[in-house]
Ligand SMILES: *Cc1c(COP(=O)(O)O)cnc(C)c1O
């Protein structure tokens, strides 16, 4: 299937799962995760109705950003502090805040261009060594510390759960929803908790059932990623 058909198919599945669990499909934001895929595919996806792209590497994002007009961009990968300055005026949401120093850098760069940067806090919900994100037990202390940053707005939470099968995944998503509901209750000045970003190609339906309102779909839209090709470029 081509990219356009894939988009159509994913959007249908979103509608179906929303009907099943009594949610309004308009409240689900679909991010097309375009990392490693060429610009032509992003253009196809955009014509088919994807208006937000998710990228995880600053350099790759910057080359694509120039070539596509009128799209919105979410930064979904681990963000190095020294890359913040390149993306600060170009992305609408950073999904991967998990470090105070990074927060400080985002804040500083945002202040310089007089903007307030929307961010999600990434939770390492499965406490995996290989994954970024803060542990859930550190969330509330971390949140409190973020109140010092006037040019950051905390919009919600993001996670990538371990791949341990659907039942486990659902449990991780349930925990995320609980944390999301808890953090919503804080009325910190620079918090406006709206988004729960969870669910990818293989688990977005479970994520929607458990309360996600941003899902990040790559393979399901663009096909398999070819990392070997990417590295040679
Ligand atoms: C790559 C990536 C995705 C998309 O994964 P698929 O399984 O291809 O849908 C989603 N979220 C993040 C943070 C990613 O890095």
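The values are calculated or read from the model by the stated rules, or taken from the named source; none is laboratory data. Model, not experiment: these values are computed from the prediction. Counting neighbours? That spans all protein chains shown, and the Cβs are built from the backbone with ideal geometry, glycine included.
Quick notes on this structure:
- Tabulated pairs, the stretch 213-225, first over 11 Å from residue 31 (Cα atoms) and assigned to a loop (DSSP other than H, G, I, E, B), second more than 8 Å from the ligand (Cβ to nearest atom) and at pLDDT below 95, C-beta under 7 angstrom, 6+ apart or interchain: none
- Test for residue 35: is it in a loop (DSSP other than H, G, I, E, B), surrounded by 15 or more Cβ atoms within 10 Å (Cβ to Cβ) and within 15 Å of the ligand (Cβ to nearest atom): yes
- The single condition from (1) away from the ligand (no atom under 16 Å from the Cβ); (2) surrounded by fewer than 22 Cβ atoms within 10 Å (Cβ to Cβ); (3) under 16 Å from the mean Cα position of the chain (by Cα) that residue 189 fails is (3).
- Enumeration of residues in the stretch 43-69 that are under 17 Å from residue 29 (Cβ atoms) and either free of Cβ contacts under 8 Å to residues at least 40 places away in the same chain or in contact with a helix residue (DSSP H, G or I) (Cβ under 8 Å, 6 or more places away or on another chain) (or both): 45, 46, 48, 49, 50, 51, 53, 55
- Here the stretch 127-172 is the region considered, the condition is being within 14 Å of the ligand (Cβ to nearest atom) and in contact with a helix residue (DSSP H, G or I) (Cβ under 6 Å, 6 or more places away or on another chain), and the residue that is farthest from residue 202 (Cα to Cα) is 157.
- When 86, 65 are screened for being assigned to a helix (DSSP H, G or I), under 15 Å from residue 34 (Cα atoms) and either away from the ligand (no atom under 16 Å from the Cβ) or modelled with pLDDT of 95 or more (or both), only 65 passes.
- Residue check, residue 205 assigned to a helix (DSSP H, G or I) and more than 16 Å from the ligand (Cβ to nearest atom): no
- Meets criteria (in contact (Cβ under 8 Å) with a residue 24 or more places away in the chain, away from the ligand (no atom under 14 Å from the Cβ) and under 21 Å from residue 32 (Cα atoms)) for residue 199: no
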